[in-house]
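The values are calculated or read from the model by the stated rules, or taken from the named source; none is laboratory data. Remember, it's a predicted structure, so these values are computed and weren't measured experimentally. A quick note on method: Cβ atoms are made from the backbone with ideal geometry, for glycine too, and the neighbour counts reach across all protein chains shown. Please note that ligands, DNA and RNA were not included when accessible areas were found on the heavy atoms of the full protein model with its side chains. Shrake-Rupley method; radii C 1.70, N 1.55, O 1.52, S 1.80 Å.
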Amino acid sequence: SSSQRADSVVVIGLGRFGGAVADSLARLGHDVLGIDENPDLVQTWADTLTHVVQADATNADVLRRLGVGEFGRAVVGIGSDVEASVLTVLALEEIGVTDIWAKAISTKHGRILERTGAHHVVYPEAAMGERVAHLVTGKMIDFI
Ligand code: ATP
């Protein structure tokens, strides 16, 4: 059940975004299971995260076998491969993850993710662009 791993998070896709999320979670003391299909990235993150595995996250059976269903929360950092991003959210939904966060690279991608079962959709470039606009005009106080 998800309560077994209440303080744990699965991060799928350890690129620039997913890597930053996973690293921050690890620094905050959370158990992090990182998943990426790229063996070089698995190697890179092996010493930082609690567990890192090489796997295709679009496959629900693979995720189930890795125990991902026991995690309450998942972050999907796959972006430019929209098909893989959507299929991964579907697989997470299918195995019963109840708090799915997913990165979108466009508003269309975000709409698909919402309809697919993502509970939270984030737009890193848009969000950071907004922050920078406030920063450069000296109006950061409300935005930290
Ligand atoms: P970023 O900007 O955060 O670096 P991106 O938007 O360019 O990422 P991608 O390169 O598509 O996104 O994906 C990020 C990571 O997700 C990559 O490290 C990639 O290997 C991994 N990834 C992509 N598809 C899958 C998959 N099906 N299963 C597991 N990992 C995947």
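Just a few scattered comments:
- A residue that is open to solvent by 60 Å² or more (accessible area, probe 1.4 Å), near the ligand (Cβ under 9 Å from one of its atoms) and charged (D, E, K, R) cannot be found anywhere in the stretch 17-36.
- Criterion: open to solvent by less than 70 Å² (accessible area, probe 1.4 Å), within 12 Å of the ligand (Cβ to nearest atom), among the β-branched types (Val, Ile, Thr) and within 17 Å of residue 21 (Cβ to Cβ) - qualifying residue of 62, 122, 86, 82: 122
- Of everything in the stretch 35-69 that is part of a strand (DSSP E or B) and touching a residue at least 24 places away in the same chain (Cβ under 8 Å), the residue that is nearest to residue 84 (Cα to Cα) is 36.
Residue-by-condition table, conditions (1) within 23 Å of residue 8 (Cα to Cα); (2) not in a helix (DSSP H, G or I):
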site: 90; (1), (2): yes, no
site: 108; (1), (2): no, no
site: 113; (1), (2): yes, no
site: 125; (1), (2): no, no
site: 128; (1), (2): no, no
site: 134; (1), (2): no, no
site: 138; (1), (2): no, yes
